1. Which of the lysines could a cross-linker span from K146 if the Cα-Cα distance has to be under 22 Å and same-chain partners fewer than 8 positions apart are dropped?
2. Could you list, in their original order, any pairs among K103/K149; K35/K67; K28/K67 whose Cα atoms are separated by more than 23 Å?
3. Using only the alpha-carbon atoms, how far is helix 117-126 inclined from the longest principal axis of the chain? Give it as 0 to 90 degrees, nearest 10.
4. Let me know the charge dipole size of the chain about its Cα centre in debye, to the nearest 20, where only the beta-carbon of Lys, Arg (+1) and Asp, Glu (-1) is charged.
5. Relative contact order for region 23-86: what percent, with Cα pairs under 8 Å and sequence separation of 6 or more?
6. Give the distance, in whole Å, between the Cα centre of region 1-70 and the Cα centre of region 82-110.
7. Could you give the angle, 0 to 90 degrees to the nearest 10, between helix 61-72's Cα long axis and the longest principal axis of the Cα atoms of the chain?
8. What's the long-distance tail for the chain, i.e. % of Cα pairs beyond 26 Å?
Amino acid sequence: MTQTGPIRAAVFDIGMVLLRFDFSITLKKIEGRCKAGPDQIPVMLWGSGLVDAYDRGRIATDEFARKASTVIGYDGTTEEFIGHWVDIFTPVDSMIARARRWKERGMPLYLLSNTCESHIEFFTARYDLFRMFDGAVYSCRAGLMKPEKAIYEKLLREHALEASATVFIDDREENVRAARELGIRAVQYEDETGLADALRGWGLD
């Protein structure tokens, strides 16, 4: 069904939309200090369930760092581990410029992201772009993750957003699909040209 009418609010994912991230940066920094081999580290970390638990807010930062270090045999401190865990981001300039344009035109901006507490603390301190957002729903604070229906409902409810008047940009197809099922005008960000074409149909640039 074709959706018409004005867009009154915009929701952005963070990872690979506003900020690119690369966990290989972390792995390169810690691999020489781990009992696990370089190829084993990501398998052991993500396979342990610790990353998912941390992103869902089920464990705190210190506990995550301590348990993750034990799993891979990392010999540094928890502070060192988290320092390596968070410094993985680079800005996506075209997307940030788009968000600024929309904000300058008076459009409310929101964030919807699967992320952990230490990443939130890091990127909100490092990048001033986050000051222009009017609100956020983070998985680690909501106890929910995209593409679970409840996290989108929480976003709409807490920020009084009308689904059909809200545009949502995310890099993952399953997250976009879940948003569309609730009537949100969601678009997958794969490249700038494709995104621009999709937004143009709704009168956005």
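1. Result set, ordered by chain and number: K154.
2. Details: K103/K149 27 Å; K35/K67 14 Å; K28/K67 19 Å.
Among K103/K149; K35/K67; K28/K67, the Cα-Cα distance tops 23 Å for K103/K149.
3. That helix lies at roughly 70 degrees to the long axis.
4. Details: 27 positive and 32 negative charges, 85 e Å.
For this selection, approximately 400 debye.
5. Working: 56 pairs, mean separation 26.9, N = 64.
Averaging sequence separation for qualifying contacts and normalising by length gives 42 percent for region 23-86.
6. 18 Å
7. Taking Cα atoms only, the helix is inclined about 50 degrees.
8. Numbers: 7729 of 20910 pairs.
Percentage above 26 Å: 37.
Values in this text are rule-based calculations from the coordinates and carry no lab data. It should be emphasised that the depicted structure is a prediction, and the values quoted were computed from it without experimental measurement. A quick note on method: Cβ atoms are made from the backbone with ideal geometry, for glycine too, and the neighbour counts reach across all protein chains shown.
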